[in-house]
1. Quick one: length gained pulling Thr225 to Thr78 fully straight, 0.36 nm per residue minus the C-alpha distance?
2. Suppose the chain between Ala208 and Glu190 were pulled fully straight at 0.36 nm per residue; how much longer would it get relative to their current alpha carbon spacing?
3. At a Förster distance of 22 Å, what's the computed FRET efficiency of Leu149 paired with Glu98, Cβ-Cβ distance as r, to 0.05?
4. Work out how much length Glu23 to Asp87 would gain on full extension: take 0.36 nm times their residue separation and subtract the Cα-Cα distance, in nm to one decimal.
5. Rounded to the nearest Å, what's the spacing between the alpha carbon centres of the range 179-202 and the range 139-154? Just the number, please.
6. Show me the trypsin sites (Lys or Arg not before Pro) within the range 129-193 that DSSP assigns to loop and that have at most 13 other Cβ atoms within 10 Å of their Cβ.
7. Probe 1.4 Å, all protein chains in place: accessible area of Ser231 in Å², nearest 10?
8. Does the range 172-212 classify as rounded, prolate or oblate by the C-alpha gyration tensor (a ≥ b ≥ c root eigenvalues; a/c under 1.5 gives rounded; else a/b over b/c gives prolate, otherwise oblate)?
Amino acid sequence: MKLSLPDFLTSNDRSTTVRTRREGAVLHVELNAPASGNAVTEAMLDELLDVVAVPDPQVRVLVLGAAGDDFCLGGDRTEFGQWLEEDPTGRGIRVAGEKARRVCEALSGGRAVTIARVQGKAVGAGFALALACDLRVGAENASFRLPELALGLPTAWGGLLPRLIHEVGAARVRELILTGRAFGADEARELSVLQRVVPEAELDDAVAAWAKPVVRRPEAALRVTKALLNSYAAATRLADPSFLDAELMASVAAATRRSPAGGDGTGGSHS
């Protein structure tokens, strides 16, 4: 059964864009800005960091989901434009980009097994948040897109690119980024962006089917096994310069804004 919004509690009193609910050793984290398609703002990143940066050691599974029709339509481009107006060198973008890296690293590298629960569109930053999770289940209506290049920006957010190349393969990633085309749930499963595809009404059952055996595993063995999986995956990469994502995004955004040919690339609400 799909979780109703009142079932969730806010992660703290000031939270408006992230809500959490605990069920034993399972923590449900919900992006909660459906009016904007759950566009990622700096406030949302701060609220996510409050939840994932200092994890509860009793949590074995963290489920990342979203309210509304779409998982996440990307970063909030209005806020992006405001940062460039305030400081054309891109300082605000650097600050938010560093927070994005920390959120995604916590999802992928933390001790809890993380599960992305994806419905509707996962675009740009939303794609990165889902991909940072260990296990990813999508509804049949799920779709994914990386539009950054068309917006005059590099694909540099939250360490997305090295993880995507490792999971999907360089040739396929090159095509997805250069064309910016959307692809649906079946192709996402073929590419290993998703591991399961189910009808939207069965998303919670699919999440529970993964979470139930994981929470029964001995804590030490589970923690070490996840660390081993991450270590062996990292060992196959020639390089992982994702710590430069924030700097690259800010530098290119500032340069694009100054270029008459490129325009300012900041119109609209999200990427």
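The values are calculated or read from the model by the stated rules, or taken from the named source; none is laboratory data. Note that the structure is predicted; figures quoted are calculated from it, not measured. Cβ placement follows ideal geometry from the backbone for every residue including glycine, while neighbour counts extend to all protein chains displayed. Keep in mind that these areas ignore ligands, DNA and RNA; they rest on the heavy atoms of the full protein, side chains included. Shrake-Rupley method; radii C 1.70, N 1.55, O 1.52, S 1.80 Å.
1. 48.8 nm
2. The Ala208-Glu190 span can extend by a further 4.2 nm.
3. After rounding, the FRET efficiency stands at 0.50.
4. Roughly 18.7 nm would be gained on extension.
5. 13
6. Those that pass, being in a loop and sparsely packed, are Arg181.
7. Roll a 1.4 Å probe over it and Ser231 shows about 70 Å².
8. The shape class here is prolate.
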